[in-house]
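Some notes on the structure that comes next.
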Amino acid sequence: MKRVNLFMLAAIVAASSMLFVSCGDSDPSDSPSIKVSFNGNSSSTAKITVDGETDEVTVEVRVDAPGKIKEITINNVGKGPIAGYDKKSSGFTSEVLDIHEWTVVREKDEEHKITFEVVVTDKDKEAQTVRQLIEITFQEYEEPVTSTPLTHDGADFMWFREGSGNAQGFGNSGLTAGGFGTGPNFAWTVSGDNLYEFTVAEYNAVTSKEELAELFVGKTKKANHVFPLAVATPNIVLGSVNGSEYFLFHVTNTANSTVTAGTRMEVKGKYKN
């Protein structure tokens, strides 16, 4: 009886030893692992949100498989596999390691997400398979706003004429003046090929050359504008375009006086360009 019991005890010990070894073979630490990096920076979540001014992201996937790599598939979810990784089963960096890098490019201006799925199958460790989703969210793209300071922002100007001389003070604005009238009907008629009229509010709102140019879009030209010199404070805004230069003139004062040459006419105010 003793011999039988000893034999049975030995058998039980041997079975227990085999069970222990078998459990060791399926140790979860032997499972393949997938590590993801974005632009060279490792990510524990395999997720990244990209700002609206960035157009592309470099993704790196590192696969470690202690039991040797059997197969790797990398899919752009909804669009198909990444080139060279449609169930790749050879040509790895080594039997237990493979590294793959590719660039993901923004697809549209509005916010959108691009998702990849990495699937790794281990060769020797009971064909274990692990999956990893990679999510890249591109935020909405916004056109960078450029702002060029005005050359003159509220500088003084004065257009004037003495006697029968030519009107002066227009610089390179593309404007001129004529039709001055006589006696109590003195007037200042401003004209130009690209003459426009704006409101004081529009004038005040302009703070950059880009805003100034935008102000003229869709506006209707006018042939001329007459300032009766009897109106001392007209509060009118005229605009002009000469080539690539835009001008706004806020006329706030008109005057006439007698000088040696005859009558001196003045139109004054502030301007932007």
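Go through the range 108-122 residue by residue and tally those that are among the charged types (D, E, K, R), surrounded by 17 or more Cβ atoms within 10 Å (Cβ to Cβ) and at pLDDT 90 or above.
0
Residue pairs whose Cβ atoms lie under 9 Å apart, sitting 6 or more positions apart in sequence or on different chains, and linking a residue in the range 189-215 that is loosely packed, with under 13 Cβ neighbours inside 10 Å to a partner that is part of a helix (DSSP H, G or I), are Ala205/Glu211; Ala205/Leu215.
From the list Gly239, Gly269, Gly262, which residue is crowded, with 20+ Cβ neighbours inside 10 Å and either closer than 23 Å to Gly165 by Cα or modelled with pLDDT under 85 (or both)?
Of the residues listed, the single one that is crowded, with 20+ Cβ neighbours inside 10 Å and either closer than 23 Å to Gly165 by Cα or modelled with pLDDT under 85 (or both) is Gly269.
Consider the range 217-273 and keep the residues that are of a type in the set (A, V, I, L, M, F, W, C) and not in a strand (DSSP E or B). The one that is nearest to the chain's Cα centre (by Cα) is Val217. When Asp156 is tested against the conditions (1) in contact (Cβ under 8 Å) with a residue 60 or more places away in the chain; (2) of a type outside the set (A, V, I, L, M, F, W, C); (3) crowded, with 16+ Cβ neighbours inside 10 Å; (4) in a strand (DSSP E or B), the lone failure is (3).
Does Val200 meet the test of being β-branched (Val, Ile, Thr), closer than 22 Å to Ser147 by Cα and assigned by TED's automatic domain parsing to the domain that holds Phe157? Here the answer is yes, as Val200 does meet what is asked. Scanning the range 123-143 for residues that are β-branched (Val, Ile, Thr), assigned to a loop (DSSP other than H, G, I, E, B), out of contact with any helix residue (DSSP H, G or I) (no Cβ under 9 Å at 6 or more places or on another chain) and at pLDDT below 95 turns up nothing. Whether a residue is of a type in the set (Ser, Thr, Tyr) and modelled with pLDDT of 95 or more was assessed, and Thr207 passes this test. So, in the range 146-176, of the ones that are out of contact with any strand residue (DSSP E or B) (no Cβ under 8 Å at 6 or more places or on another chain) and among the hydroxyl-bearing types (Ser, Thr, Tyr), which residue ends up modelled with the lowest pLDDT? Ranking the qualifying residues of the range 146-176, first place goes to Thr146.
Within the range 56-107, the residues that satisfy the criterion of being part of a strand (DSSP E or B), surrounded by fewer than 16 Cβ atoms within 10 Å (Cβ to Cβ) and of a type in the set (Val, Ile, Thr) are Thr58, Ile99, Thr103, Val105. Within the range 233-259, residues that are outside the structural domain of Gly163 (by TED's automatic domain parsing) and free of Cβ contacts under 8 Å to residues at least 24 places away in the same chain reach no partner that is surrounded by 13 or more Cβ atoms within 10 Å (Cβ to Cβ) and in a strand (DSSP E or B) with beta carbons closer than 8 Å at six or more positions or on different chains. One residue alone among Glu140, Glu110 is out of contact with any strand residue (DSSP E or B) (no Cβ under 7 Å at 6 or more places or on another chain) and within 29 Å of Tyr85 (Cβ to Cβ), and that residue is Glu110.
The values are calculated or read from the model by the stated rules, or taken from the named source; none is laboratory data. Note that this is a predicted model, so its numbers are computed, not measured. Note: ideal-geometry Cβ built from the backbone for every residue, glycine included; neighbour counts use all protein chains shown.
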